[in-house]
Every structure is written in structure tokens, then in C-alpha cells.
Amino acid sequence: MRIWLAGLAALTFGGAVAAAPALEIRIAPAAADTQGHVPWLDVSVRAEGISAKAGAHFLRLPVTANTVPTSADDIGAVIISDAAGAVAATTRDAQEDDSNRTRQWLAPRDLQGAVTVRYRVPIEAAKPLLNLPQYELRTGDGAFSGAGNAFLILPDDKVERTTTVRWDLSAMAPGSVGVSSLGVGDATSHRPFPSERIAATYYAAGKVGVFRGEEGFFAAFTGQPPFDTDAVLRWAGKLHGFYGQFFREMPPSFGVFGRPNPQNPGSGIGLTDSFAFTFGPKSTPEELKGLLAHEMLHAWVNSLDGSMDQAGGLSRSWFGEGLAVNYQRMLPWRAGLIDDAAFLADLNETAGRYYTNLMIGVPNSDIPAGFWRDTRVRVLPYDRGSLYFAALDAKVRKASGGKRSLDDMVRAMLAARRDGRPMNEELWRSLLRAELGEAGVADLDAMLAGGVVLPPSDAFGPCFERVEKPLRRFDLGFDPASLLSRPRVVKGVKPGSEAERAGLKDGDILTTGFSQDGLQGDQQAYLTLAVERDGKPMQIRYQPRGETVPAWQWQAKPGCVTKLR
């Protein structure tokens with residue numbers, strides 16, 4: 001790791017930070033009760049640089065964030081003040097799209113300067129587990145955790161502020177620790193952030209396991225994972241350092257947050273200089289390594305700039321998520337942190353999920369509407385984008401005689417962002433023209449229109465080859481819309497499906513949720529549904545698979561010794 005990081009000391013995100021207004025967040029958790037639940041948080045937020053005319057909205061907090069209910073409706077009295085005294089703000093809720101609703105505070109008079117907000121946030125100990133992004137506040141095992149967009153009332157503007165998090169843990173048990181995406185304990189951001197980036201920070205405090213690695217890498221987790229966390233996190237720290245060398249910039253810090261969710265283990269959300277994941281009683285180190293490899297990439301690789309579409313930029317997720325899936329296997333393999341078998345396993349899970357996906361032809365423009373409603377649509381930006389970048393890499397290498405690759409294009413995109421220039425689709429198209437001419441742009445348009453992407457047989461090097469194999473489509477055997485209703489009543493059970501053969505019937509009530517995204521890529525996985533029928537609980541177990549179709553996979557050539565690229 002020391003060799004990988006040589007010469008990186010001067011590489012940071014951007015140059016000197018200009019003077020910026022301050023934002024201070026103070027969090028005082030209550031003492032955990034006898035069951036280990038933290039009942040509430042006292043929160044204060046002081047933001048400088050507020051400018052709002054009477055009637056304008058100047059503070060915000062999501063009510064639902066990407067379909068996840070937040071703590072907005074649980075918060076009691078909100079006390080707001082500025083230099084002139086109390087601010088008797090009113091509120092309104094704005095529906096941004098089907099997945100996002102925001103509470104806005106309206107200024108009763110002109111505001112200028114610093115504004116302070118104080119409030120208490122209850123945490124419901126018996127809150128049902130979700131198969132959704134892990135934003136919501138949750139408590140147990142003597143700690144709490146959650147994302148900023150679940151409980152932080154923040155300025156409703158684009159002003160970038162130097163942000164400080166301060167913890168008051170005086171009510172908690174001795175030895176309690178507070179950790180945020182900014183660091184362990186009281187911490188200040190290394191650069192100013194707009195409110196949307198502060199909303200995308202994570203928080204945990206109380207009985208929290210903490211790991212401190214090198215070069216600003218740290219981790220915090222609540223509960224007790226069923227594996228040696230230090231070993232996995234040391235591996236992640238080495239990979240984090242390799243990423244810094246590869247992308248030619250090293251973030252001053254990066255945090256990893258874990259918490260238990262036996263209903264939806266293995267999910268992850270990318271955050272500001274951090275990410276959060278869930279684990280269950282059967283989670284394994286190898287599963288976590290794949291998740292870490294993907295989510296850590298988002299400290300460097302994220303979505304294209306551009307006007308936000310109704311679903312928060314999901315129409316551009318093919319870029320950030322596709323690159324992350326491509327590099328989550330490629331860079332650990334190049335670093336010597338996974339072997340050929342692990343590389344192929346990751347690649348073939350992606351390829352198998354993509355080539356058996358019934359929704360493979362859905363155009364990119366339709367992804368935002370279906371992203372949170374159909375798991376088969378949700379995985380398309382990841383799978384399709386990944387294979388698009390693999391195919392593109394092969395074409396650029398061939399066209400340049402091996403002198404250039406996808407890596408050079410990605411570094412050029414990131415350099416533009418560091419220099420303050422837009423890292424957008426227009427820039428990407430210009431890079432495609434420079435490398436491949438109009439044919440490169442045509443390939444992009446075909447992918448965005450839903451065309452099937454197929455990398456060449458040697459796309460991953462001369463020691464791997466593409467083969468056709470029969471695989472079964474992912475098929476729940478009933479209408480996926482059943483999972484969105486409340487209560488979740490099963491409808492549309494398909495005659496002859498595995499679900500019907502296992503005994504599932506229309507009218508059954510699903511009493512627990514389950515994760516589908518990972519399930520799609522595992523041809524051997526079984527699904528166990530907890531249902532209620534005529535008031536009686538029961539379980540139904542089956543393989544969520546349908547028809548067999550030809551799909552592409554990659555395999556190692558016998559006797560060939562791989563050479564890292």
C-alpha cells in the first residue's frame with residue numbers, strides 16, 4: 001500500500017478552498033434504554049449565508065427520499081431564529097415526483113445572515129425493516145444510525161458551506177462514539193459543500209465499532225457483523241489506496257458505515273465521501289468485499305452533470321453506476337486483491353442478469369419512471385452500463401493500437417470536474433468522437449435506446465473467452481406491482497410458474513419484504529415468502545425463475561496465464 005500511494009500526498013480534490021460561510025450541526029443523542037434503543041436526538045443546525053425574501057422557502061427536509069419515509073412527520077416543534085430574533089416560519093410539502101416529497105419552511109420576513117434551527121427527532125425502535133435505501137433513522141444495540149436526508153433540516157439553497165459536525169454524547173454510556181461522513185468524533189468538511197451534499201452524509205453514535213485505516217480511511221458499524229470486520233476493512237483500505245492512485249486523486253477521508261438488516265442484507269448507498277451498507281446473520285466477507293469495491297468507487301466515479309430529471313438524475317445513472325460495476329471487478333483484479341475466479345464470478349453475475357432480463361430493451365429514457373417500481377428496470381443502468389464500458393474499452397484499445405483505453409477517457413472526465421468544467425454527456429460525446437469518430441457516438445445512442453450490448457470475446461483480455469450458456473430468466477411468478485401496494489396483496493400469479501407450483505395464490509398477503517436486485521443474478525437462489533392466507537401465516541419457497549434463454553458468459557482459457565491490464 002505504501003508503494004501504491006507514493007507521490008499522492010499532494011493530490012486532493014481541487015485546490016485552495018476559498019472563504020465560505022459556515023454550517024454547524026450539533027447532535028445530542030438521548031441515553032439508550034434498557035433494550036438498547038436510543039429514543040431521540042436533539043439537533044441544532046446553524047447556517048451562515050442565508051438570504052431569503054418574505055414568503056420564500058429557505059429550509060428543507062425530505063418527507064420521502066427515493067421512496068423512503070424520513071423522520072419529517074415525527075419531528076415536534078421546530079424553533080428557528082436569526083439575528084433579529086424568532087422566525088415564525090410556516091411549512092408546505094412539495095411533491096417533486098413519485099419517489100420524492102420535500103417539506104419546505106417559508107420565511108415570514110426577509111432573512112439575511114445566520115439562521116439557527118433547533119428540534120428533537122424521535123426514533124421509533126419498532127420501525128419495520130425496509131428493502132429500500134438505508135436512509136431512515138434506526139436504533140438498536142445501544143446506538144443509532146441514519147442519513148442526513150432522514151433528519152437534518154438544511155438550507156434550501158445552492159450555497160456551499162464549510163460544515164462542522166459536533167457531538168454531545170454526555171447522556172450516552174461511557175465509551176460512546178459519534179461518527180459522521182466527515183470523520184470520527186467532531187469533524188469539519190475538507191471543502192465547502194452545498195446542502196444536497198450535506199444531506200447525503202451518514203451518522204452513527206453510541207455503542208459503535210470503529211476502524212481507523214490509513215490515508216483517511218475509516219469505518220463505523222452498529223450491531224455485530226458475523227465476520228472479522230478488521231480483516232475485511234484492511235482489504236478495503238488497500239483497495240481505497242489503489243483507487244486513489246488509479247484515478248490520480250486521493251480524497252482527504254472516506255468512511256464506511258454498516259448496520260444490521262437481516263431482511264435486506266448486502267444493500268449499499270453511495271454518500272458524500274462515504275457509503276453505508278447492511279449485513280445479516282449470514283453475510284460473508286466476500287459479499288461485503290464486492291459491495292465495498294463498488295460503493296467506494298463513488299468517491300471518484302459518480303453521475304454526469306446535467307439538469308436534474310424528475311427522479312433525481314436516474315436517467316444519467318448508466319454512467320456512474322455502469323462505470324462502478326465495470327471497475328468494481330477490474331481494479332481489485334489489477335491490484336491483486338481478487339483472483340481470476342472472483343473476477344469471472346462478478347462479471348458473469350452481471351452478464352447473466354443482463355442477458356436474461358426480460359426488460360433488456362427498455363430505453364434509458366424510461367428508466368426513471370420504473371426504477372423504484374420494477375427491479376428488472378432498476379438493475380439496467382448497472383448491467384447495461386457496465387457491459388457498454390467493457391465493449392467501449394475494447395474498441396478504444398483496438399483503434400489506438402493498445403495506446404489508449406477507457407481509463408484515459410474516464411480520467412479526462414474527472415479532470416474536467418476538478419478544473420470546474422462540466423462533466424456532462426456533451427463532454428463524453430466529444431471524447432467518443434476523438435477516440436472512435438461518429439461510430440462511437442452511434443454506439444452510445446444505440447445503448448441509450450435499449451439496444452443489446454455485447455462486448456467482444458476478448459474484451460477482458462486474451463485469457464478469457466465468451467461462451468453461450470442456457471440460463472433462466474428472473475421471474476417472481478406474480479405481478480411485481482403487488483410489492484408496492486399496502487398491504488402487499490399478491491395478484492397476477494402466473495399459471496404454470498414456479499410460484500404457482502409452490503402454492504402461492506392471488507389474495508395472499510406478503511407479511512415481510514425481500515431484496516430482489518441481488519436475487520436476479522443468482523441462478524441457484526431460492527425465495528422464501530412469508531404470507532398470510534385467511535388469517536393464517538405460512539411460508540412459500542421456490543426458485544424465482546422462468547423460461548430458459550441463451551445468455552453470454554465468460555470463461556478462462558485452459559493454460560493461459562493472465563496479464564493484468
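The values are calculated or read from the model by the stated rules, or taken from the named source; none is laboratory data. For clarity, every value in this text was computed on a predicted model and none was experimentally measured. Please note: Cβ atoms are built from the backbone with ideal geometry, for glycine as well, and neighbour counts cover all protein chains shown.
Please enumerate the residues belonging to the stretch 350-369 that are closer than 28 Å to GLN555 by Cα, small (Gly, Ala, Ser) and in a helix (DSSP H, G or I).
Answer for the stretch 350-369, where residues must be closer than 28 Å to GLN555 by Cα, small (Gly, Ala, Ser) and in a helix (DSSP H, G or I): ALA351, GLY352.
Look through the stretch 154-179, keep the residues that are touching a Lys or Arg at 6+ places or on another chain (Cβ under 7 Å) and closer than 13 Å to ALA199 by Cα, and return whichever of them is surrounded by the most Cβ atoms within 10 Å (Cβ to Cβ).
Within the stretch 154-179, the match that is surrounded by the most Cβ atoms within 10 Å (Cβ to Cβ) is LEU154.
Of all residues in the stretch 188-219 being of a type in the set (Asp, Glu) and in contact (Cβ under 8 Å) with a residue 40 or more places away in the chain, which is surrounded by the most Cβ atoms within 10 Å (Cβ to Cβ)? Full working, then the answer.
Narrowing the stretch 188-219 to residues of a type in the set (Asp, Glu): 196, 214-215.
Filter again for in contact (Cβ under 8 Å) with a residue 40 or more places away in the chain, leaving 214-215.
On the way: GLU214: 13, GLU215: 18.
The qualifying residue surrounded by the most Cβ atoms within 10 Å (Cβ to Cβ) is GLU215.
Looking for something part of a helix (DSSP H, G or I), surrounded by fewer than 19 Cβ atoms within 10 Å (Cβ to Cβ) and modelled with pLDDT under 95 - is there at least one such residue anywhere in the stretch 370-382?
So in the stretch 370-382, the residues part of a helix (DSSP H, G or I) come out as 370, 375-378, 380-382.
Now drop any that are not surrounded by fewer than 19 Cβ atoms within 10 Å (Cβ to Cβ), which leaves 370.
Within this subset, residues satisfying the condition of being modelled with pLDDT under 95 are 370.
The answer is yes; a qualifying residue exists.
Scan the stretch 247-259 and tell me whether some residue there is at positive phi, without any contact (Cβ under 8 Å) to a residue 40 or more places away in the chain and surrounded by fewer than 19 Cβ atoms within 10 Å (Cβ to Cβ).
First, pick out the residues of the stretch 247-259 that are at positive phi: 248.
Add one more test, that the residue is without any contact (Cβ under 8 Å) to a residue 40 or more places away in the chain, and what stays is none.
No, because not a single residue in the stretch 247-259 is at positive phi, without any contact (Cβ under 8 Å) to a residue 40 or more places away in the chain and surrounded by fewer than 19 Cβ atoms within 10 Å (Cβ to Cβ).
With the structure loaded, tell me whether VAL441 is assigned to a loop (DSSP other than H, G, I, E, B), among the aliphatic types (A, V, I, L, M) and either surrounded by fewer than 20 Cβ atoms within 10 Å (Cβ to Cβ) or at pLDDT below 95 (or both) or whether it fails that test. Before the answer, list the steps.
On the way: assigned to a loop (DSSP other than H, G, I, E, B): no; among the aliphatic types (A, V, I, L, M): yes; either surrounded by fewer than 20 Cβ atoms within 10 Å (Cβ to Cβ) or at pLDDT below 95 (or both): yes.
No; evaluated as a whole, the condition is false for this residue.
I need the full set of residues from the stretch 239-287 which are under 13 Å from the mean Cα position of the chain (by Cα) and either farther than 24 Å from GLY518 by Cα or part of a loop (DSSP other than H, G, I, E, B) (or both), in order please.
Matches in the stretch 239-287: GLY266, SER267, THR272, ASP273.
In this structure, does ARG565 turn out to be modelled with pLDDT of 95 or more and either of a type in the set (D, E, K, R) or not in a strand (DSSP E or B) (or both)? Can you show your working first?
Values: modelled with pLDDT of 95 or more: no; either of a type in the set (D, E, K, R) or not in a strand (DSSP E or B) (or both): yes.
No: the conditions fail for ARG565.
Please name all residue pairs, on different chains or six or more residues apart, with Cβ atoms under 6 Å, provided the first residue is in the stretch 429-453 and is more than 12 Å from GLY385 (Cα to Cα) and the second residue is at pLDDT 95 or above and part of a loop (DSSP other than H, G, I, E, B).
The qualifying pairs are ALA449/PRO363.
Given the conditions (1) in a loop (DSSP other than H, G, I, E, B); (2) within 29 Å of the chain's Cα centre (by Cα), and given that PRO558 satisfies all but one, which numbered condition is not satisfied?
Among (1) in a loop (DSSP other than H, G, I, E, B); (2) within 29 Å of the chain's Cα centre (by Cα), PRO558 violates only (2).
Condition check: in contact (Cβ under 8 Å) with a residue 40 or more places away in the chain, crowded, with 19+ Cβ neighbours inside 10 Å and touching a strand residue (DSSP E or B) at 6+ places or on another chain (Cβ under 9 Å). Does THR222 satisfy that? If you could, list the steps in order and put the result at the bottom.
Values: in contact (Cβ under 8 Å) with a residue 40 or more places away in the chain: yes; crowded, with 19+ Cβ neighbours inside 10 Å: yes; touching a strand residue (DSSP E or B) at 6+ places or on another chain (Cβ under 9 Å): yes.
It is true that THR222 is in contact (Cβ under 8 Å) with a residue 40 or more places away in the chain, crowded, with 19+ Cβ neighbours inside 10 Å and touching a strand residue (DSSP E or B) at 6+ places or on another chain (Cβ under 9 Å).
For the stretch 459-474, state whether one or more residues are free of Cβ contacts under 8 Å to residues at least 60 places away in the same chain and over 19 Å from ARG545 (Cα atoms). Before the answer, list the steps.
Here is the first cut: in the stretch 459-474, the ones free of Cβ contacts under 8 Å to residues at least 60 places away in the same chain are none.
Checking the stretch 459-474: not a single residue is free of Cβ contacts under 8 Å to residues at least 60 places away in the same chain and over 19 Å from ARG545 (Cα atoms).
Residue-by-condition table, conditions (1) closer than 30 Å to ARG488 by Cα; (2) touching a Leu at 6+ places or on another chain (Cβ under 7 Å); (3) touching a residue at least 12 places away in the same chain (Cβ under 8 Å):
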| residue | (1), (2), (3) |
| --- | --- |
| VAL45 | no, yes, yes |
| SER99 | yes, no, yes |
| GLN112 | no, no, yes |
| ILE123 | yes, yes, yes |
| ASN131 | yes, no, yes |
